[in-house]
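Quick notes on the structure that follows.
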Amino acid sequence: YGWDGRLPAPGWRTDVGWNGLLPAAGNPELIDPEAAAIVTANSFLPVAQPVWFEGDFDTPYRMERIRERLASRSDWNPQRLAELQLDVVSTWALEWVRAIGTEFEGDAGRAAAALAAWDGAMSDSGPAALFALAERELARRIFDAESDRAGLPRIGTRWRVSRLLAGTMPESWFDDVSTAPVEDRRTIVAAALAAAWQEGVRRWGEEVADWPYARLHTLTLDHPLSGLPLVGRWLRRGPFPLPGSSTTVNALG
């Protein structure tokens, strides 16, 4: 009592501690939904939730993609369900691309056009690499200056970027507080797109279809002793190239 488990509780205090179980009737529930399926993928349940149940859920993009795929056909079998687990289309990426628009010029316009024609698949190669670079650049240009000023790690999560692009956060977040001019949304998005395009071209050439996303998105397996001098490197495996992302059904963050 007195605490809900989100933070460590001061166990030395007599007014904080275990006080039995909450009634099961108070749990969130979803029974016989219209879609004939219950999907969460670490996201929130689309039902009323008691205050004690609210917390740090994942973004809804994996959940949305699973629902979309399940609704696309009725002849599911074990093989098709296994294939669904490997789906690498990111509804977050598609939402991001729609939100930024295409009305840009120069390198920013080239980047926006390439992304607008993309299907959102975080595949081994292709525009997924451009999106990964642009997503990183935009979050950095929006939030890094504020984080540095506050002496905090980067505070730009996908939740915040999503809210900002949707217009539910103040547009003043787009301003780079480390510079004298007041930047607006279009200026910052264009700068992020241009920087992403230029970095990709510098590294891999102008054929976006050949850009190796899986070389940006890798897995390295470190043994607890891999930090040892001389021998430690023999205990490390990788980096292994990976498709997908933390926003795809194939959740390889």
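Quick one: in the stretch 60-87, of everything that is among the aliphatic types (A, V, I, L, M) and in a helix (DSSP H, G or I), which residue is surrounded by the fewest Cβ atoms within 10 Å (Cβ to Cβ)?
Ala82
Go through Pro243, Pro239 for me and flag whichever is outside any loop (DSSP other than H, G, I, E, B), closer than 22 Å to Ser125 by Cα, in contact with a helix residue (DSSP H, G or I) (Cβ under 9 Å, 6 or more places away or on another chain) and open to solvent by 20 Å² or more (accessible area, probe 1.4 Å).
Every option except Pro239 fails the conditions.
How about the stretch 44-57: which of its residues are open to solvent by 100 Å² or more (accessible area, probe 1.4 Å) and among the aromatic types (Phe, Trp, Tyr)?
Step one: list which residues in the stretch 44-57 are open to solvent by 100 Å² or more (accessible area, probe 1.4 Å), which gives 51-52, 56.
Within the stretch 44-57, Trp52 is the sole residue that qualifies.
Take the residues in the stretch 117-133 that are open to solvent by less than 10 Å² (accessible area, probe 1.4 Å) and of a type outside the set (Phe, Trp, Tyr); name whichever of them is farthest from Tyr213 (Cα to Cα).
Ranking the qualifying residues of the stretch 117-133, first place goes to Gly120.
State all residues of the stretch 220-236 that are aliphatic (A, V, I, L, M) and in contact with a Lys or Arg (Cβ under 9 Å, 6 or more places away or on another chain); if no residue qualifies, say none.
Answer for the stretch 220-236, where residues must be aliphatic (A, V, I, L, M) and in contact with a Lys or Arg (Cβ under 9 Å, 6 or more places away or on another chain): just Leu221.
For the structure I just gave you, tell me whether Asp144 is at pLDDT below 90, open to solvent by less than 60 Å² (accessible area, probe 1.4 Å), more than 15 Å from the chain's Cα centre (by Cα) and under 28 Å from Ala113 (Cβ atoms). Break it down stepwise before answering.
Numbers: at pLDDT below 90: yes; open to solvent by less than 60 Å² (accessible area, probe 1.4 Å): yes; more than 15 Å from the chain's Cα centre (by Cα): yes; under 28 Å from Ala113 (Cβ atoms): yes.
Against the criterion (at pLDDT below 90, open to solvent by less than 60 Å² (accessible area, probe 1.4 Å), more than 15 Å from the chain's Cα centre (by Cα) and under 28 Å from Ala113 (Cβ atoms)), Asp144 qualifies.
Could you list all residues from the stretch 174-231 that are open to solvent by 70 Å² or more (accessible area, probe 1.4 Å), in a helix (DSSP H, G or I) and among the acidic types (Asp, Glu)?
Residue satisfying the conditions is Asp210 alone.
Within the stretch 191-234, take every residue that is without any contact (Cβ under 8 Å) to a residue 40 or more places away in the chain and of a type in the set (Gly, Ala, Ser) and give me the one that is nearest to Ala114 (Cα to Cα).
The selected residue is Gly205.
Let me confirm something: among Ala112, Ala41, Ala93, which residue is of a type outside the set (Val, Ile, Thr), in contact with a Lys or Arg (Cβ under 6 Å, 6 or more places away or on another chain) and surrounded by 11 or more Cβ atoms within 10 Å (Cβ to Cβ)?
Sole residue among the options that is of a type outside the set (Val, Ile, Thr), in contact with a Lys or Arg (Cβ under 6 Å, 6 or more places away or on another chain) and surrounded by 11 or more Cβ atoms within 10 Å (Cβ to Cβ): Ala41.
Conditions tested, residue by residue: (1) within 17 Å of the chain's Cα centre (by Cα); (2) under 16 Å from Ala128 (Cα atoms).
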position	(1), (2)
Arg202	no, no
Glu207	no, yes
Leu221	no, no
Thr247	yes, yes
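Quick check on the stretch 105-121. Is at least one of its residues modelled with pLDDT under 95, among the small types (Gly, Ala, Ser) and not in a helix (DSSP H, G or I)?
There is no residue in the stretch 105-121 that is modelled with pLDDT under 95, among the small types (Gly, Ala, Ser) and not in a helix (DSSP H, G or I).
Across the stretch 12-34, which residue is farthest from the chain's Cα centre (by Cα) among those that are small (Gly, Ala, Ser) and surrounded by 10 or more Cβ atoms within 10 Å (Cβ to Cβ)?
The extreme case among them is Gly17.
Is it the case that Gly101 is on the phi > 0 side of the Ramachandran plot and open to solvent by 20 Å² or more (accessible area, probe 1.4 Å)?
yes
The values are calculated or read from the model by the stated rules, or taken from the named source; none is laboratory data. All values derive from a computational prediction rather than experimental measurement. Cβ sites come from the backbone with ideal geometry, for glycine too, and all protein chains shown count toward neighbours. What goes into the accessible areas is simple: the full protein's heavy atoms, side chains included, and nothing from ligands, DNA or RNA. Shrake-Rupley method; radii C 1.70, N 1.55, O 1.52, S 1.80 Å.
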